[in-house]
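Each remark here refers to the structure printed beneath this line.
Read-outs throughout are calculated quantities, based only on the coordinates presented, and are distinct from any laboratory measurement. Quantities reported herein were computed from a predicted structural model and do not represent experimental measurements. Quick reminder, even Gly has a Cβ in these numbers, built from the backbone with ideal geometry, and neighbours come from all protein chains shown.
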Amino acid sequence: MKKTFQVLFVVLLTAVGADSQSFHRGNCPKPSVQEDFNVTKYMGTWYEIEKLPAVFERGKCNQATYTLLDDGTVKVRNAELLANGKISSIEGVAKVKNSSEPAILDVGFFKGAPDAPYWVLSTDYQTYALVYSCSNYFGLFHIDFAWMLARTRVLTEDVVSQLHDKLTAAGVNVKRLTVSDQTGCDVMT
């Protein structure tokens, strides 16, 4: 009965979110992350350039602002501009899971809900960041997310191409990436 429920659950999730999520059979890949990651240098505002589809992102002008807190955790504020002209935002807290791997963080937005993985695959801290998140479900499938971020609302094609190569090497299907709309975002500042 439990197995039947799991299969039914997977079918339902797939039907509901197939166009807005990245579902895959099997467990999450384990890509390499940024070596010697410096969380302090990572702080500030990042703008979304490309992403794997995410059902929880509905607007444009998506951006994330990170602030280092006194206890070493990171305040996360994600914001987007909705079609009705209103700004939607959510705040959470990220923390390094293991001090020997500072580029692997967990981020939580809701009390009582499990934290989500936040892996910084690559960053130069001043131009771009490449972030990956993946969660396993029932040992049957995983859902992953990827974000290409920048300190400005645009990235050069050369940098985008290099980041596509890094995602491909990490096992991410870059053909599923969508370009984020960063136009008409003056109201976000």
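When the Karplus curve 6.51 cos²θ - 1.76 cosθ + 1.60 is applied with θ = phi - 60°, which whole-Hz ³J(HN,Hα) does each residue of segment 74-84 get, with x for Gly and Pro?
Each residue's phi maps through the Karplus curve to give 10, 6, 10, 10, 9, 9, 8, 9, 7, 4, 7 Hz.
With respect to the cross-link table entries Lys95/Lys166; Lys51/Lys95; Lys86/Lys166; Lys60/Lys166, which display a Cα-Cα separation exceeding 27 Å?
Result: Lys86/Lys166 exceed 27 Å.
In a solvent-free Debye calculation with one equal scatterer on each Cα, what is log10 I(q)/I(0) for segment 84-189 at q = 0.12, 0.19, 0.20 Å⁻¹, listed in the order of the q values?
-0.52, -1.23, -1.30
Among Val172, Ser161, Thr67, whose Cα sits farthest toward the positive end of the charge dipole of the chain (+1 at Cβ of Lys/Arg, -1 at Cβ of Asp/Glu, about the Cα centre)?
Going by the charge dipole, the pick is Val172.
Once you have the Kirkwood Rh of the chain from its Cα pairs, apply Stokes-Einstein at 25 °C and 0.890 mPa s and quote D in µm²/s.
It comes out at roughly 141 µm²/s.
Among Val172, Val55, Val96, determine the one that fluctuates most according to a GNM of the chain built with springs between C-alpha atoms less than 10 Å apart.
Comparing Val172, Val55, Val96 in a Gaussian network model of the chain, the most mobile one is Val55.
Two decimals is fine: what's Rg over Rh for segment 50-96, C-alpha atoms, Kirkwood radius as Rh?
1.05
Return the calculated 222 nm mean residue ellipticity for the chain, to the nearest 500 deg cm²/dmol, obtained by summing -39500 (n - 2.57) across DSSP H runs with n ≥ 4 and dividing by the residue count.
Value at 222 nm, helices only: -5500 deg cm²/dmol.
Give or take rounding to whole Å, what are the principal axis extents of the alpha carbon atoms in segment 41-128, in descending order?
Its Cα atoms span 43, 34, 25 Å along the three principal axes.
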